[in-house]
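Taking it in order: structure first as structure tokens, then the write-up.
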Amino acid sequence: MAQSYDFALEKIGMDIQSFSIWNEYTTFLKQVEAVGQYAENQRISAVRKVYQKAVMTPMISVETLWKDYIAFENGINPIIAEKMSMERSRDYMNARRVAKEYEAITRGLNRNYPSIPPTGSNEESKQVSLWKKYIAWEKANPLRTEDPTVLARRIMFAYEQCLLCLGHHPDVWYEAALFLENTAKTFTEKGDNNSAKVFFEEAALMYERATSGVLNKNLLLYFSYADFEEGRMKYEKVHSTYQKILDIEDVDPTLVCNIILPYQYWVFWNCNNANDEFLDGIESIKSHLRLRSTIPPLNNNNIFNLPENHNSVHCSSVFRYLL
């Protein structure tokens, strides 16, 4: 049961309305039967750990949790209670301050707003503005934490909450993935390669989710995903991402097959010398073009009639083949 509470708190423990689950967890732990002094000490430590984490988390009614925590410590040892109160009061006061700001910045957000394709309505524009304001607030680090992982988790929680309502908005997916990528790069610069790896993988997962859900026909997300993986030198993943674009239905084939995809593939190949992958990709595009015989040819100098000395052509010169 404790593992279920831990899982729930990992997912929603930073929500401003998360008081009830924190409170239920501490109540549950207090009621756990402990036989023997060792088991009793373990129970006390478990309750204390949850309380101490809760009172430094901005949420509505965090004051109630603080009072309950002090009462809990007093019931064990008044001397320890005074010591704990002095040690934790600063974090609690900080959480209480941020909770008030948190409540104000999220006022007006409709968390039950239906996740539907953009309509351009006034209410939708209002909700988009409020969500972006909330995310920007989290990025400003109102908690004043010096732990970059804690800050990143809070920001990503805001993005995840936003996507529940704005899941049809590609810019939100892209911004979330880009934030994870930039966070990973920051950790790399600091020499924390383990944390960097975690955030790079989360960025890849974010792109995977974006291109596998309701926006699985959105070219922006596919090309952004390919660029991201190219930056990590995951060339097989880049190749497979471009292949997925060829399988998209109901997308303007002239735009995809004649202009955007050949150019993207050419840049990918020329800048990375991925000869075999590039040629395989070009053959796939050619096959697609044959199937879509209604697509007008670009002109006699199209992307497939490249010079023999491919390596001598700079990426930017591709534009001349497309004009």
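The values are calculated or read from the model by the stated rules, or taken from the named source; none is laboratory data. Since the structure is predicted, the reported quantities are computational estimates derived from the model, not experimental observations. When we count neighbours, we look across all protein chains shown, and the Cβ atoms used for this are built from the backbone with ideal geometry, even at glycine. Ligands, DNA and RNA are excluded from the accessible area calculation, which covers all protein heavy atoms including side chains. Shrake-Rupley method; radii C 1.70, N 1.55, O 1.52, S 1.80 Å.
Just for helices (runs of 4 or more DSSP H) wholly inside region 138-217: which have at least 2 residues that are touching a His at 6+ places or on another chain (Cβ under 9 Å)?
Details: elements: 148-165, 170-189, 193-212.
Fully inside region 138-217 and qualifying: 148-165.
Within region 84-125, how many residues are over 30 Å from I135 (Cα atoms) and surrounded by fewer than 12 Cβ atoms within 10 Å (Cβ to Cβ)? I'd like the intermediate steps shown before the answer.
Taking region 84-125 and keeping what is over 30 Å from I135 (Cα atoms), we get 84-87.
Checking which are surrounded by fewer than 12 Cβ atoms within 10 Å (Cβ to Cβ) leaves us with 86-87.
Summing the residues that are over 30 Å from I135 (Cα atoms) and surrounded by fewer than 12 Cβ atoms within 10 Å (Cβ to Cβ) in region 84-125 gives 2.
Restricting attention to region 186-209, and to residues there that are under 14 Å from T149 (Cα atoms) and open to solvent by 90 Å² or more (accessible area, probe 1.4 Å), which single residue is farthest from the chain's Cα centre (by Cα)?
Only one residue fits best here, namely K190.
Does K132 qualify as being among the basic types (K, R) and surrounded by fewer than 16 Cβ atoms within 10 Å (Cβ to Cβ)? Write out each step before concluding.
Numbers: among the basic types (K, R): yes; surrounded by fewer than 16 Cβ atoms within 10 Å (Cβ to Cβ): no.
So K132 fails the test.
Taking the condition of being acidic (D, E) and touching a residue at least 60 places away in the same chain (Cβ under 8 Å), how many residues in region 147-184 meet it? Before the answer, list the steps.
Start the filter on region 147-184 by keeping residues that are acidic (D, E), which leaves 147, 160, 171, 175, 181.
Cutting the leftovers down to touching a residue at least 60 places away in the same chain (Cβ under 8 Å) gives us none.
Going through region 147-184 one residue at a time, the tally reaches 0.
List pairs: first in region 77-101 and without any contact (Cβ under 8 Å) to a residue 12 or more places away in the chain and of a type in the set (A, V, I, L, M), second open to solvent by 60 Å² or more (accessible area, probe 1.4 Å) and in a helix (DSSP H, G or I), Cβ under 6 Å, 6+ apart or cross-chain?
A81/N74
Restricting the first residue to region 218-233 and requiring it to be open to solvent by 40 Å² or more (accessible area, probe 1.4 Å), which pairs with a second residue that is in a helix (DSSP H, G or I) meet a Cβ separation below 7 Å and a spacing of at least six or different chains?
Close Cβ pairs satisfying both conditions: L220/P170; L220/Y174; R232/F200.
Take M86 and tell me if it is at pLDDT 95 or above, assigned to a helix (DSSP H, G or I) and over 27 Å from the mean Cα position of the chain (by Cα).
It is false that M86 is at pLDDT 95 or above, assigned to a helix (DSSP H, G or I) and over 27 Å from the mean Cα position of the chain (by Cα).
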